[in-house]
Each structure stands twice: as structure tokens, then as C-alpha cells.
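Data block below; observations after.
The values are calculated or read from the model by the stated rules, or taken from the named source; none is laboratory data. These numbers come from a predicted model, not from an experiment. With ideal geometry, Cβ positions are generated from the backbone for all residues, glycine too; neighbour counts draw on all protein chains shown.
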């Protein structure tokens, strides 16, 4: 965070304009206490917010049009228009034009993040299919930002106030997980997790739990050998260095009996092993944080939800939590 800023300046990408992203952004700032903690800029288009203000009957919402992060209103939401062409908002419609606008929003926010004009970015949900193009050939935001900020590795880190879960492998087919799991990959992910707990969350000696790959963590080799041959040796390397890394634990019982409450963070082996328990326990206020980047990126832990877009039923809690977490991490990093 720049020293001359009194509050972190958080950029928010509009995401898919036909999904619930714009709705939850607007609802997140209806409680104006948020402006005491951060200045906020939406990268998108004022017409989108005006549409949803009317569509959702949110008369008390207002925003400020801005041309630059250097020209903002500190007491309301700011909007930077990221495209000029005419368009229509169609809630719930999967449209390639909406994907193009989502990318324009993301590109502009990324450029300003690189320039240090904003302190963090919160990404509203995109549709991973309609955004694909020559300029975006990635499974999602995580991989895009990892490349743009030239990080050798990153970690999908799902967080709320009571639970943090990372995954060793992310957006890949389940049948490919075993081929991707290597000692080097696990070591890198565990290092990223430990570093993030210290740098981003202020936990100086984090206690980390590692889950097994197979049912019942292999059942002593009966249900698989990866725990004994791959995961346990990596854990022991960290223990030998004085790190508080434990496991491998059977994933089902670990969450069922509340063992996760005894750790600062948990590393799962694949996407659903981490995200299913996280969304079950923390769906309302869960945040997706990309650890390992030189910059700060958070997002709500839900998708575009086309089926409820424009119906005024989407909960803003996860988006609001993502904004507050980006703010807290910006303050934490600036204080280190």
C-alpha cells in the first residue's frame, strides 16, 4: 500500500455482467461503513451498475464515474468504464460479448495493479467458457494472474475467519491428479501456504495439516501407496526443518470430527477435496485468495449463478468478505 494512501485502494472487476457479480458488488457497499476501511473502484461500466440499481430497486445506491484511480470519491463506489461499445445487460444469459467485457475489465484492473495504482484486486465471477479467447486461454483467474505477475507457482487458498484450505492441484481433471502430484509440487505448495500464513495473515508459526490422497489416507497401503511413498516423506522434510506440518490425514474424518479447527491451514491434494468441505462449512462468507503472488487478489467463492441473476436473491456476504480480506491483507503486507 502506498504511504500517501490513508486507506487501501481496492479494485473490483465486474465479472460476467449477466451473472450475479454486479448484484453482489452493489449489495456489498449498501452498508457504507465499508468506506471507512477502503476506497473502492469497479472496473466495468456505469451502465451495468445503473441497470442493476433499477432492476433490483436499490434506490439508495449511488456511484461516482472516474477516469483514473487517481481521481476517486472516498465516500462512495467509483466506476471506471473499460469499454466504449454499446451493449445490453441480459441477466442469466450466457453471452460471448459478456465474456469479452469481463476480460476487458480484468485486463484494465491488472494493468493498474501492475502500475501500483491500486493495492489489491477483487475479482467477481466469470464464466470460464465465454471468456476464452486468444488473450485468455486459462482455466480461471488464478492461472491468468499467476502468468501475468510472473509467479513460478501460486496457491488457491480458500479462507474465512475459521478455516483456510489450499489445494495442491487446481483446475485439472480428476484422472490427472496423480500424474501432477510430485514431491516438488507438494513442497512448493506447502512453502507457499506457510509463507502466506505469515505474510498475509500474521501467523508467525503456522500449524499446517496435510490431507491424504486416497480414501482413509491409504489405509496403510491397502487403498493406495501415495501417502507412504510421496506425502509422508515431504511432511517429514518440513518437520526436520522445525515447521509445524502434520499428516497425512484421512480427508473425511478430518472435517467430520472438527480436526481442522486445530490448524491454521489445511492442504488438500485436489480441487474438490478442498472445496467441498470448505463450501459446506464456509459457503456464505468464504473467500478465494491467490497466495504466492506479488500482488493481492481475492474473490467470492461462488460462480456466476446465471439461474438467480437479476432476481435479487443472491447473497453478498462472500463478496463483502472478499473486499474486507483484500483490505486486511493490504494492511498486513504494508505493516511488515
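Just a few scattered comments:
- Complete set of residues in region 151-186 that are exposed (fewer than 14 other Cβ atoms within 10 Å of the Cβ), touching a helix residue (DSSP H, G or I) at 6+ places or on another chain (Cβ under 8 Å) and not in a loop (DSSP other than H, G, I, E, B): 174, 183
- Test: residue in region 209-218 that is farther than 17 Å from residue 270 by Cβ and either touching a residue at least 12 places away in the same chain (Cβ under 8 Å) or in the same structural domain as residue 168 (by TED's automatic domain parsing) (or both): no
- The set of residues in region 65-88 that are outside any loop (DSSP other than H, G, I, E, B), buried (at least 16 other Cβ atoms within 10 Å of the Cβ) and touching a strand residue (DSSP E or B) at 6+ places or on another chain (Cβ under 7 Å) comprises 66, 77, 78, 79, 80.
- Subset of region 213-238 that is at pLDDT 95 or above and touching a strand residue (DSSP E or B) at 6+ places or on another chain (Cβ under 6 Å) - its residue that is farthest from residue 182 (Cα to Cα): 238
- Of the residues making up region 209-243, not one is more than 16 Å from residue 189 (Cβ to Cβ) and within 26 Å of the chain's Cα centre (by Cα).
- Some residue of region 225-245 being crowded, with 23+ Cβ neighbours inside 10 Å, part of a loop (DSSP other than H, G, I, E, B) and either in contact (Cβ under 8 Å) with a residue 12 or more places away in the chain or in contact with a helix residue (DSSP H, G or I) (Cβ under 6 Å, 6 or more places away or on another chain) (or both): no
- Residue within region 315-324 that is surrounded by fewer than 17 Cβ atoms within 10 Å (Cβ to Cβ) and either in contact with a helix residue (DSSP H, G or I) (Cβ under 8 Å, 6 or more places away or on another chain) or part of a loop (DSSP other than H, G, I, E, B) (or both) present: no
- Region 254-267 - residue that is touching a residue at least 24 places away in the same chain (Cβ under 8 Å) and more than 20 Å from residue 325 (Cβ to Cβ) and, of those, surrounded by the fewest Cβ atoms within 10 Å (Cβ to Cβ): 262
- Matching entry among 41, 26 (being touching a residue at least 24 places away in the same chain (Cβ under 8 Å) and outside any helix (DSSP H, G or I)): 41
- Residue count for region 108-142, restricted to those that are surrounded by fewer than 17 Cβ atoms within 10 Å (Cβ to Cβ) and assigned to a helix (DSSP H, G or I): 2
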